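Q: Starting off with a structure, shown below.
The numbers here are math on the coordinates, done by the rules we state, and not lab data. Given the structure is predicted, the values throughout are model-derived calculations rather than measurements. Cβ placement follows ideal geometry from the backbone for every residue including glycine, while neighbour counts extend to all protein chains displayed.
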Amino acid sequence: MDVGPKHAKDTLLQHLGEEQKHLGAVVPPIFQNSLFVFPDQASFTKAGADPLNNSSLYSRVGNPSLDVAEKKIAMLEGAERCKLVGSGMGAITASIMSTVESGSHVVIVDGCYGPVRDLITDYLARFGVTHTFVDGTCADDVIDATRPETTLVYLESPCSLIFRLQDVRAIAAAARERGVTTIIDNTYSTPLYQSPIEMGVDIVIHSASKYIGGHSDVIAGAICTSEKLMDRILRKEISLLGSILAPFPAWLITRGLRTLKLRLKAHEAAANEVAGWMEEQEWVGRVNHVGLRSFPQRDLYIRQMRGTGGLFSFEPAKQDQDACDTFVNSLKLFQLGVSWGGFESLVVQATVKPMHAKEARKVIRLFVGLEDPEDLMADLTQAAEIAFGS
Ligand SMILES: *Cc1c(COP(=O)(O)O)cnc(C)c1O
C-alpha cells in the first residue's frame, strides 16, 4: 500500500494513515491500551524526547487509533495537523483557551452553538475575558468590533439554527492583518463542502459527533490547524485539560470517514428536495436552507462552499406553540431529538431572536436522514394536517 500526494483526496481518505498492516488486518485494530512498553531504556528515552508528538507512549496525548483518523481529517481539511478530542465542545474549549488570557477580548458570532455562548459569556468572563457579539452577515461589522486587546474572532458559518453565513475570506484576512486569531466551527459543512484554512482561517474545529462519525453512535471533536498553533494546544490544552478521545470512538471516526462523501451527497440531495417542496406548502412561513435558490446569501454560498447537507429549519406559518408541539408529536419518521448527522431524520423546536430582529420566531429544525425523501414528505404532510389543519 503506497498512497501519497499523487493520489486524489478520495483515494487518500480510504488509505492514509493505515499503510502499515498489523497481522494483515485490512482494518486497523483498535489500540485499546493506555500505555506502551519499551524493550530497553534507550528506546524508552528516545520515545520520551518528544512525548506530545509520540502516539505510542501514553494514550492521554496520543494513540495509533487516533493517528489514523487524525491524518485523514487533516488531509481533508488541508491542515498541517489534526487532533481528536472527547467532544466537539472539547475541541472548541481547547481551541478558544489557547487564544485568550486574562484581559483578552473575543469577537463572536451571535448564532454560534449555544454552549459556546455560555463558555464565553459566563465561564471565560470569570477569568477576565471580555466579548462582543456580532451578527456576522456583514464582514465590516465583525472587523469594526475588534479592539486593540482582541485576540480571537470566533465564526460559525453557516450557524446551525437559521443558517446565516459569514464572509470567511474577508474576515480571516482582516483578522490576520490585525494579528487576531480566527477559529471557525465547520461542523455543518464538513471538510468536504468548505475549506476554511484555504480561506485564511487559523483553527478549524468539528463536532465529529455529527457527519464525520455519521451513525449517531459516537461523541468526538476535532481540532485542525498549523503545526505552530497545534504545538501550543498540545503542550497546554490537550495535555493539561485532558480531554483526548479514547481509541474506540477514534476507530469509529475512521469507519465513518470512509463513507462521508456518499452520505453527505445523499443527505444533500434529499434535503434539497424536501426543503424545496416545503417552500410551496401553505403551513410553512419560510424555509431557512442554504441549498435553496431563494437563500438570501446565495452569492456568498457559491463563493465559499461546495455543497450543503441534510440540516435546515422552517418557520411555521402559524406561530403557535400548541400547534408546533402537535406537529412534532405527530411525526412518525422524524424523531424528536438533539444533534444530527446520523442515518436518521430528526426534528427539534427552537426559538430564535437574531441580533437585529424585533421579535423572537419559532423555528422547527429538521435533519433529513438517509430515509426515502418521499416517505419523509408524506410524514411531514400527515403531521401538518393534524397540527396546522392543512
Ligand atoms: C453538536 C455541535 C457542537 C458540539 O459538539 P459535541 O460533539 O456535541 O460536543 C458544536 N458545534 C456545532 C455546530 C454542533 O452542531
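Q: Please give the contour-minus-distance gain from Arg298 to Ala317: 0.36 nm per residue of separation, less the Cα-Cα distance, rounded to one decimal in nm. Write out the running numbers ahead of the final one.
A: Values: separation 19, 0.36 × 19 = 6.84 nm, distance 2.33 nm.
Roughly 4.5 nm would be gained on extension.
Q: Follow-up. Consider a paramagnetic label point 7 Å from the Cα of Lys228 along Cα→Cβ; state which residues of segment 191-211 have an amide N under 15 Å from it.
A: 200-203
Q: Of the listed peptides 182-192, 212-222, 319-329, 377-387, what is their order by residue-averaged count of other C-beta atoms within 10 Å, with the highest listed first? If you can, show how the numbers build up before the last one.
A: Values: 182-192: 25.7, 212-222: 21.9, 319-329: 14.7, 377-387: 17.4.
Ranking the peptides 182-192, 212-222, 319-329, 377-387 by packing returns 182-192, 212-222, 377-387, 319-329.
Q: Just going by the charge dipole of segment 9-258, with Lys and Arg at +1 and Asp and Glu at -1 on Cβ, which of Met97, Leu165, Ser209 is farthest out on the positive end?
A: The Cα lying farthest towards the positive end belongs to Ser209.
Q: How much length is gained if the chain between Ala378 and Thr121 is pulled fully straight, taking 0.36 nm per residue apart and subtracting their Cα-Cα distance, in nm to one decimal?
A: On the way: separation 257, 0.36 × 257 = 92.52 nm, distance 4.23 nm.
Using 0.36 nm per residue and subtracting the Cα-Cα distance, I get 88.3 nm.
Q: Neighbour counts of other C-beta atoms within 10 Å: give me Phe343, Phe133 arranged from fewest to most.
A: Values: Phe343 14, Phe133 17.
Result, fewest neighbours first: Phe343, Phe133.
Q: Highest first, please rank the peptides 168-174, 262-268, 205-211 by the mean number of other Cβ atoms sitting within 10 Å of their residues.
A: Values: 168-174: 21.3, 262-268: 18.4, 205-211: 27.3.
Packing order, densest peptide first, comes out as 205-211, 168-174, 262-268.
Q: Do any GluC sites (Glu not before Pro) in segment 274-331 lie in a DSSP loop with no more than 10 other beta carbon atoms within 10 Å, and if so, which?
A: In loop regions of segment 274-331 (DSSP not H, G, I, E or B), the sparsely surrounded GluC sites (Glu not before Pro) are Glu280, Glu282.
Q: I've got another one for you. Taking N as the number of residues in segment 260-388, what value does Rg over Cα atoms divided by 2.2 N^0.38 Å take? Don't skip to the end; give the middle numbers.
A: Details: Rg = 14.3 Å, N = 129, 2.2 N^0.38 = 13.9 Å.
Rg over 2.2 N^0.38 Å, computed on Cα atoms: 1.02.
Q: Find the Cα radius of gyration of the chain, compare it with 2.2 N^0.38 Å by division, and give the number to two decimals. Walk me through the intermediate numbers first.
A: Values: Rg = 21.8 Å, N = 390, 2.2 N^0.38 = 21.2 Å.
Dividing the Cα radius of gyration by 2.2 N^0.38 Å gives 1.03.
Q: Among DSSP beta bridges lying fully in the chain, give the percent that are antiparallel, nearest 5. Spell out each step's value before the answer.
A: Working: 26 of 45 bridges.
Among the beta bridges of the chain, antiparallel pairing accounts for roughly 60 percent.
Q: Multiply the residue gap between Leu336 and His7 by 0.36 nm, knock off their C-alpha separation, and tell me the result in nm, one decimal place.
A: Values: separation 329, 0.36 × 329 = 118.44 nm, distance 4.17 nm.
Computed gain between Leu336 and His7 is 114.3 nm.
Q: If you scale each eigenvalue of the Cα gyration tensor by 5 and take the root, what three semi-axes come out for segment 64-145, rounded to whole angstrom and sorted largest first? Walk me through the numbers on the way to the answer.
A: Details: eigenvalues 150, 55, 26 Å².
The three semi-axes for segment 64-145 are 27, 17, 11 Å.
Q: Using the per-residue mean of other Cβ atoms lying within 10 Å as a proxy for protection, in what order, highest first, do the peptides 248-255, 34-41 fall?
A: On the way: 248-255: 21.6, 34-41: 10.2.
Final packing ranking: 248-255, 34-41.
Q: Order of Phe127, Phe314 from fewest to most other C-beta atoms within 10 Å?
A: On the way: Phe127 12, Phe314 22.
Result, fewest neighbours first: Phe127, Phe314.
Q: Across segment 1-148, how many lysine pairs separated by 8 or more positions, or lying on different chains, have Cα atoms within less than 20 Å?
A: Going through segment 1-148 pair by pair, I get 9.
Q: 222 nm [θ] for the chain, helices only, -39500 (n - 2.57) per DSSP H run of 4+, per residue, to 500?
A: Values: 14 runs with 135 residues, N = 390.
Value at 222 nm, helices only, nearest 500: -10000 deg cm²/dmol.
Q: Continuing with the same structure: Between Asn329 and Cys138, what is the FRET efficiency for a Förster distance of 51 Å, r being their Cβ-Cβ separation, to the nearest 0.05?
A: Working: r = 39 Å, r/R0 = 0.77.
The pair Asn329/Cys138 has a calculated efficiency of 0.85.
Q: Sorting Cys159, Cys138, Cys224 on the 10 Å Cβ count, fewest up front, what's the list? It would help to have the intermediate numbers written out before the result.
A: Numbers: Cys159 21, Cys138 14, Cys224 29.
So the ranking, lowest neighbour count to highest, is Cys138, Cys159, Cys224.
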